[in-house]
Structures are given as C-alpha cells and as structure tokens.
Amino acid sequence: FYGISSTWYAWRYYTDQPDLIKKAWEIQLGLQTLRARAENKPVILTVTPTYNEKLVRPFNPFEPILPRINGKSTYDWGWETALKHNPDFVLITSWNEFFEGTAIEPSKQYGSYYLEETKKWTTRFKQGDVY
C-alpha cells in the first residue's frame, strides 16, 4: 500500500472517524505483512507525514489526513504502526510533495520537524526498536 492517504480516500464515504480509518490501515499493514512473509518476500511498509491537497485541488472533496490524530502526530503513529510488523524496509511517502501537503523536506509551516522525526524513527528502525 502506497500510503494511508489511499485508505483515507477510500473510506471517506463510510466514515469520518479517524480511529476507524487508522484501524483499517493497521489491518491492511497486517495483511500485507502476512502475505509478504508467506511468499518469502520482503515486508515493505509506508509512513506518511500528513496529506492535504485542498489548496491545489479545491474541487476534490477528499478529506485530508490530519497532522495529528488523537493528540499524536500522524507521522509518529504511522512509524509506530509500521514498526509493530517488523518490516524489512520502510518507505516514506513523501520527500517534497508540497502540492499534496505531504513532505519531510523543511518547510515554512513545519520547519525541520519532519526531518528530525525521520532521523529519530530511522534510528529506531535500524536498531530494531519495535512495538
């Protein structure tokens, strides 16, 4: 799965509750992990800092991924969720897609927050710090 934005987009017709969408994403990652391990393939999971395309696509009724879900940053939650599955690789979606409101590159809005968080999480990942 490319990122939680796809799940958020698909579920927007069924619920506006972030906890239900988070649960759907967690289930998807679990199934993806099981399938990859059953086929003896690497487990590659994704994390997303945030997502909001309303500024560039105001005609699109897509509800953005919130920067925070229940007080926790979406990025932190995504890393925790991915690391629960002990992946072989973690794909960060994305480096600089400012038009979608998703980037870890420094910005006026977030400064270097996402780079600092990426350093923290990649260090934990490399050390095998799982949940």
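The values are calculated or read from the model by the stated rules, or taken from the named source; none is laboratory data. For clarity, every value in this text was computed on a predicted model and none was experimentally measured. With ligands, DNA and RNA removed, areas are computed over all heavy atoms of the protein, side chains included. Shrake-Rupley method; radii C 1.70, N 1.55, O 1.52, S 1.80 Å.
Structural remarks
- Using a probe of 1.4 Å on the protein chains alone, the accessible area found for residue 119 is around 140 Å².
- Nearest-10 value in Å² for the accessible area of residue 129, using the 1.4 Å probe: 60
- Greater than 27 Å apart at Cα, pairs in 23/54; 41/72; 72/108; 54/108: 41/72
- In straight-distance terms, cross-link reach from residue 120 covers every one of the aspartates and glutamates whose alpha-carbon lies under 14 Å from its own, apart from those fewer than eight places away in the same chain; here that gives 76, 80, 129.
- Expressed as a whole percent, the accessible surface of the stretch 72-131 that belongs to carbon and sulfur atoms is 54, based on a 1.4 Å probe.
- Area of residue 33 that stays accessible when all protein chains are in place (1.4 Å probe, Å², to 10): 10
- Largest to smallest accessible area among 39, 80 [probe 1.4 Å]: 39, 80
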